[in-house]
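Accompanying notes for the structure given below.
Here, each number is a calculation from the coordinates, and none is a lab measurement. Since we're looking at a predicted model, the values are computed, not measured. With ideal geometry, Cβ positions are generated from the backbone for all residues, glycine too; neighbour counts draw on all protein chains shown.
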Amino acid sequence: MRQAAEQRTELVEVLSATDTAFALTDVRGHVRWCNPAMAELLGLAPQRCAGRSLTALLAGAPDGPGEADVVVSLPLADGSGHRWVEIRCTPAPRGQLLYRVVDVSRWRERELAEAGLGERQDELLRMVDEDPLTGLPNRRALTRELERQLASGARGAFLLLDLDHFKDINDLHGHPTGDRVMCALASLLRDRIGHGRILGRLSGDEFAAVLPDTDERAAVAAADRLRTAIAAIPMSGVAGASRITVSVGIATFDSGVSWQEVLANADMALYASKSGGRNRVTVYEQGHYKDTELRVTVIERVRAALKDGGFALHAMPMVKLGSGRVIGHELLLRLEDGREPRLGPGEFLLAAERSDLVFEIDRWVADKAIETLVEHPYPGLRFNVNVSGRTLEDEDFGGFVLDRLTAAGVAPGRLGFEITETAAVTNLDAARSLAQQLRASGCRITLDDFGSGFGSFVHLKQLPITGLKIDGEFIHGIDYGSRDTVLVQGIVDIARGLGLSVVAEWVERATQVEALSRLGVRVAQGFHLGEPEPLEALLSRPHGVWMRRPTVFDGPGGAAGASGSGAATSV
């Protein structure tokens, strides 16, 4: 172990001393380490590179390893021209990526001359400066314009615009429709951006604009006009789409910063807009860099927890309202690594969702659940685990689960999976595929937070589920005679007609239990019926107790949430 650490230290020293630029990124392409040569190339101090997207800092960098190196043209720092660089991306341990960048200007220019293209070089560069779909300047052209503004000492603002959930249009209606909508958006933005301002398309659903001689207030006003204009686009020609929204990040600039730093700052502001609920404008502040540092720290803690056993599972019972019998447990993930500050699921899972670590997390939870079912082979013990929206993109996840169940000899019916309605809608085809695969093998599939999305009942027709959980927002006022009563009654009637089980969540009062029972809800969960407890504590009791937990149904002395046990989930 010590020898390996020394070897890593020596390698870092060697790479730090070379003139060749090197950077190590995590699985999402965010810089974990770079040498001084790379930092100089990016125009940032090495410590300012950490946590930032390399593809955002280095125009043309590939997202992952390819069969061949990538040769791109980058603007010179003084704005006087360009240089050709060769970018190589190779796999590194634990899903990381190692980037190497070499200046190949002499070789590239000689190659062009030998091919008889020397005189056409400017024309060729213009061709590669244009986005082929929209005709707008591409990333390379836009960053060069930003660099030119900075080199001239100009002040201004840089806008980064990311279309919210645009992937849904491509997934649901096909890429030809998506391309048509994209061209319409590009035309609208071009018309509204204003004279003397440069609009470009950076990637699939991301636009950007350089606004010279524009202060923060004017930049925000311009961004809001663009945001409002996009939201007003009629979507009558795209079935099922109500409107398109855009999130915007703004970074002001002057001659004291590099174009890479401006782009990175705008990217952090954009992240804040996305995290804050989307369809909004955010101006970069120093606190956003702190947020990025915190996010990187959280991701490092998640990575360490996966490696060193810092995760634990807690079990929350689902209770049959008529008898108080526990018929299942939802397994909830907790980070218990002994470090401060303590992080709740909403904090570390959000960070994991934005990195590929969520794939490992969901596999760890499923594997741990199956391992526990093997160790406790009692038919009444059944678990539900949650599936991340990102994991729906993992085509191998279903096969992984079924292989583990088969190898362990566990009946698939003892394990259920919960997919939130929001995740299912965002990845409808993937959700349908996974649900079909797991249900065909006998696993239970529950649509979680049902009612939270637009067109919820349509999803019951499209997804091969076995049950649904009513979103807690409908349960909160169920005992006050509100509209929630009518909505829940409708959900119960439709679910019953489709042969689906129903679970109500967020049950916190006895009066809610009474109201739900009158509406025909048979199973519920919430702090009134039983709080989550460490899985190990649950399993430490005699297995017969799992099927019966002291609850409000036991009368005096049987308060819900008192320590007891419960089977896992089987709804």
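At-a-glance table
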item: Region 332-410: equivalent-ellipsoid semi-axes (sqrt of 5 x gyration tensor eigenvalues, Cα, Å); result: 25, 17, 9
item: Order of Ser247, Ser152 under a 10 Å beta carbon neighbour criterion, fewest first; result: Ser152, Ser247
item: Ranking of Thr406, Thr391 by count of other Cβ atoms within 10 Å, fewest first; result: Thr406, Thr391
item: Residue pairs, from the table Lys167/Lys368; Lys274/Lys469; Lys368/Lys469; Lys167/Lys307; Lys307/Lys469; Lys320/Lys461, whose Cα atoms sit over 29 Å apart; result: Lys167/Lys368; Lys167/Lys307; Lys307/Lys469
item: Karplus-derived HN-Hα couplings along region 464-469 (A = 6.51, B = -1.76, C = 1.60, θ = phi - 60°), whole Hz, x at Gly and Pro; result: x, 9, 10, x, 9, 10
item: Residue order, fewest to most surrounding Cβ atoms within 10 angstrom, among Ser433, Ser53; result: Ser433, Ser53
item: Kirkwood-based Rg to Rh ratio, region 448-533, C-alpha trace; result: 0.95
item: Fraction in percent of alpha-carbon pairs per bin - 10 Å, region 132-284; result: 12, 43, 33, 10, 1
